[in-house]
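This report concerns only the one structure given below.
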Amino acid sequence: MNDCIPAGAKVVRALEPYLHARTYKSGHVLWNEGDRDGRLVVLDSGRVKILRHLSDGKPILVYVFGPGDVFGFLPFLDGGAYPASAIAMEALDTRIMSRAKLRQALRAEPDLGLMLLATLGRRLRDAFVRIGDASRRDALVQTAAALVSLATSEELAKPLLVVKIPEPSYSMAEQVGLTPESFSRALTRLVKAGVLHRMGPRKLQVLDPESLKNTAAGRLSS
């Protein structure tokens, strides 16, 4: 019966006795790139963007975490610093735990370490896919990938998903390596193709999730 429980849910269930609730306001910096004192985060509501700054100081969007995600524990495992910054894109409801508490949890539940490593492995594989997408430097691919990153796989499986761009479009464009004009044109192409429907300046309804995911993966229809 336990095999029917999603991997993320298993991790949260094992961590539950060691977690405590905490809220954050939109724009709050959970940690900066290079910080060593962090926290493991279970995200119950809201979204967190992970930014990596290039040598020229330009921020690049690496990942967006949403409800149900567990993250922030890499320094707990390898003793290093955070490789990127984590910033609340909107108000957050979280449950968090310290390094000391995680050690307690690992002693009590040895399989938890393997679960966390599996989570890291999936993220690493996803990162390689994102790097491949970004290397194409195709505005349509990068825009679709940015929109996909704003929803969980479960949400993308639901019909008529609504995606909110949680910050000014020019800021989102910059973080995925595009000019605001290119980002806007790519959104318009997706709307004209029937993949998206505009519901407002920063609110989009996903009419065709499969086409959006295929575009994000570089599988462009002719």
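The values are calculated or read from the model by the stated rules, or taken from the named source; none is laboratory data. Note that the coordinates shown come from a computational prediction; the quantities given were computed from them, not determined experimentally. Using ideal geometry, Cβ is built from the backbone for each residue, glycine included, and neighbour counts are taken over all protein chains shown. Heads up: the accessible areas ignore ligands, DNA and RNA and are worked out on the full protein's heavy atoms, side chains in. Shrake-Rupley method; radii C 1.70, N 1.55, O 1.52, S 1.80 Å.
Points to keep in mind about this one:
- GluC sites (Glu not before Pro), loop per DSSP, at most 16 other Cβ atoms within 10 Å - longest free stretch of the chain: 91-222
- Residues whose amide H falls under 5 Å from that of VAL162, counting only those 5 or more places apart or on a different chain, are VAL206, with hydrogens built in the peptide plane.
- Free of any trypsin sites (Lys or Arg not before Pro) that DSSP assigns to a loop and that have at most 14 other C-beta atoms within 10 Å, the longest stretch within the chain is 37-135.
- Summing charges over all other residues whose Cβ lies under 15 Å from the Cβ of ARG36, with Lys and Arg as +1 and Asp and Glu as -1, gives -2.
- Taking a point 7 Å out from the Cα of ASN32 in the direction of its Cβ, the residues of the range 40-61 whose backbone N falls within less than 17 Å of it are 50-60.
- Solvent-accessible area, 1.4 Å probe, carbon plus sulfur percent, for the chain: 54
- Between the residues VAL206, LEU19, GLY38, the greatest Cα displacement towards the positive end of the dipole of the chain, with unit charges on the Cβ of Lys, Arg, Asp and Glu, is found for VAL206.
- Gyration tensor verdict on the range 40-99 (Cα atoms; rounded if a/c is under 1.5, prolate if a/b is larger than b/c, oblate otherwise): oblate
- The residues of the range 17-137 expose on average 53 square angstrom of accessible surface per residue, using a 1.4 Å probe on protein heavy atoms.
- Helix-only arithmetic for the chain: the sum of -39500 (n - 2.57) across DSSP H runs with n ≥ 4, divided by the residue total, places the mean residue ellipticity at 222 nm at -12500 deg cm²/dmol.
- Rounded to the nearest 20, the size of the Cβ-charge dipole of the chain about its Cα centre is 200 debye, with Lys and Arg at +1 and Asp and Glu at -1.
- Under 29 Å from the Cα of LYS101 - lysines, other chains or at least 8 residues apart: LYS10, LYS25, LYS49
- Dipole of the range 160-222 computed with +1 at Lys/Arg Cβ and -1 at Asp/Glu Cβ about the Cα centre; of ALA193, ALA216, SER169, farthest Cα towards the positive end is ALA193.
- Model label sites at SER45 and ARG122, defined 7 Å from Cα along the beta-carbon direction, differ in position by 2.4 nm.
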